[in-house]
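The values are calculated or read from the model by the stated rules, or taken from the named source; none is laboratory data. It should be emphasised that the depicted structure is a prediction, and the values quoted were computed from it without experimental measurement. Positions of Cβ are backbone-derived with ideal geometry, glycine not excepted, and every protein chain shown enters the neighbour counts. Quick note on the areas: whole protein, heavy atoms, side chains included, nothing else; ligands and nucleic acids left out. Shrake-Rupley method; radii C 1.70, N 1.55, O 1.52, S 1.80 Å.
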Amino acid sequence: MKYISLLGATGSIGTQTLDVIRRHPEEYRLAAFSAGKNLELTRKIIQEFKPELVSVSDKDDCLALQSEFSSSISFHYGEDGLVETAVYHKSDILVNAVLGSVGLFPTLQAIKEKKIIAIANKETLVTAGHLVMDAAKENGVPLLPVDSEHSAIFQALQGEKEKNIEKLILTASGGSFRDRTRDELKGVTVIDALNHPNWSMGAKITIDSATMMNKGLEVIEAHWLFQMPYDRIDVLLHRESIIHSMVEFHDSSIIAQLGTPDMRVPIQYALTYPDRLPFSDASRLNLAEIGKLHFEKMDMDRFYCLKLAYQAGIAGGTAPTVLNAANEEAVDAFLKGKISFLEIEDCIEKALNKHQKIDQPDLETIRGVDKETRSYIHELLS
């Protein structure tokens, strides 16, 4: 039996993680989880999974839940609550499925407690990859990728030697607007942007997919997870989302991981690694029915956010922190109707151009830069 702490239980990855736990009650138990402000779903999770620790965003919500449920459940809130969830003493694995940079500090604390980390939160590695990887190495903690792309690479690398790797190839569906020119992106609506052709995801990630920032963050994440320089990480447009990613080796061989678009599969693999468990009702891949798979070279000028992400990743230091914070604030502004779709990338570029990069930042510096960047975007849009 593996005991699991789950950050972000009410989000897209969180609810799918719960489904994996639900399907294998003999293998997993939800020991602790955090949620945001969705109290209705939080109550349902408590009733079904009977965790021992629960954290929510606000103090008032925490007190309300505390009054409703058994005193055997420990309730917490805020960042302290995220940390309490992450380091819960009975848990073996932390699944970091929370959205945004708030997942960084709890993950670092969980690594210190030698928890296995199943990471779906890109921002943790984007904003502080050097700190996370150093801490994981120091404490002998494995980082198991949950993103379908990184899980695919991780699976393709099993049994392989690092010296034989030529490059990593991340695939991208192209998002909601993959068939539109930049001129055709003027005036697109939030509803248009949230209509992803292949995946069912949360609003922020779906917008990131439309701008291709999601893939940019994944490039930075792959750089840290697999210790691969940026000039050996490629992105390929692949409309069907069947090949989740590939590894090319120096003998010209390419190993790819294929499957239907279902995030529960990489989630389950991270929880079961190095073993696998059956997934009886998963949609099976039938290549004969699909017939053809399509691939296109990624146009960095068309998908300008991807270009910005490569630039920030190569610059290093605090540049990726700025990239992430500016993107989070700009996407939030777009979702609230305050800016247009194309203005998302304008905000990010302005923040990067304004910032004076700091090399090898510590956690306090990263948090400071994150806060400054968010304030700058707010001022820019006020």
Which net charge results when you count Lys and Arg as +1 and Asp and Glu as -1 among the other residues whose beta-carbon is under 14 Å from that of SER67? -1
Signed unit charges on C-beta, dipole axis of the chain, positive-most listed residue PRO278, VAL369, PHE295: PRO278
Around LYS167 (Cβ within 11 Å, Cβ-to-Cβ, excluding LYS167; K/R +1, D/E -1) the net charge comes to -3
Given charges at beta-carbon only (K, R positive; D, E negative), |dipole| of the chain in Debye: 360 debye
Carbon and sulfur atoms account, in whole percent of the 1.4 Å probe accessible area of the chain, for 49 percent
What aspartates and glutamates could a cross-link reach from LYS371, if we take a straight Cα to Cα line under 14 Å and drop same-chain neighbours fewer than 8 places away? GLU328, GLU329, GLU379
Note, PHE295: beta-carbon cut-off 12 Å, +1 each Lys/Arg, -1 each Asp/Glu, net 0
Say each of GLN311 and ARG232 gets a label point 7 Å from the Cα, pointing the same way as Cα to Cβ; how far apart are those two points in nm? 2.6 nm
When all C-alpha to C-alpha distances in the chain are sorted into bins of 20 Å, what percent of pairs does each bin hold, rounded to whole numbers? 28, 61, 11, 0
May I ask you to give the solvent-accessible area per residue for the chain, in square angstrom, as obtained with a 1.4 angstrom probe? 44 Å²
Can you tell me the length gained on complete extension of the stretch LYS371 to LEU335, counting 0.36 nm per residue apart and subtracting the Cα distance? 10.9 nm
Within the stretch 332-372: backbone nitrogen closer than 17 Å to the THR189 label point (7 Å, Cα to C-beta): 334-342
Give, in nm to one decimal, the length gained when the segment between LEU258 and SER283 is fully stretched (0.36 nm per residue of separation minus the Cα-Cα distance). 7.8 nm
Determine how large the accessible area of GLU289 is when every protein chain is in place; take a 1.4 Å probe and give Å² rounded to the nearest 10. 150 Å²
Going down the list LYS115/LYS350; LYS163/LYS297; LYS37/LYS215; LYS115/LYS338, which pairs span over 31 Å between their C-alpha atoms? LYS115/LYS350; LYS115/LYS338
Quote the charge dipole size of the stretch 13-72 about the Cα centre in Debye, to the nearest 20; the model charges only the Cβ of Lys and Arg (+1) and of Asp and Glu (-1). 80 debye
Separation in nanometres of the label points that stand 7 Å from Cα toward Cβ, at LYS161 and ASP359: 3.3 nm
Can you pull the one-decimal nm distance between simple spin-label points at SER382 and GLU79, each 7 Å off the Cα toward Cβ? 2.2 nm
Quickly estimate the mean residue ellipticity at 222 nm for the chain, helices only: each DSSP H run with n ≥ 4 gives -39500 (n - 2.57), and the total goes over all residues, rounded to 500. -14000 deg cm²/dmol
If the only charges are +1 at each Lys and Arg Cβ and -1 at each Asp and Glu Cβ, what is the size of the charge dipole of the stretch 152-295 around the Cα centre, to the nearest 20 debye? 160 debye
Considering the options ALA86, ILE116, GLN66, tell which one lies farthest towards the positive end of the dipole of the stretch 1-119, charges being +1 on Lys and Arg and -1 on Asp and Glu at the Cβ, about the Cα centre. ILE116
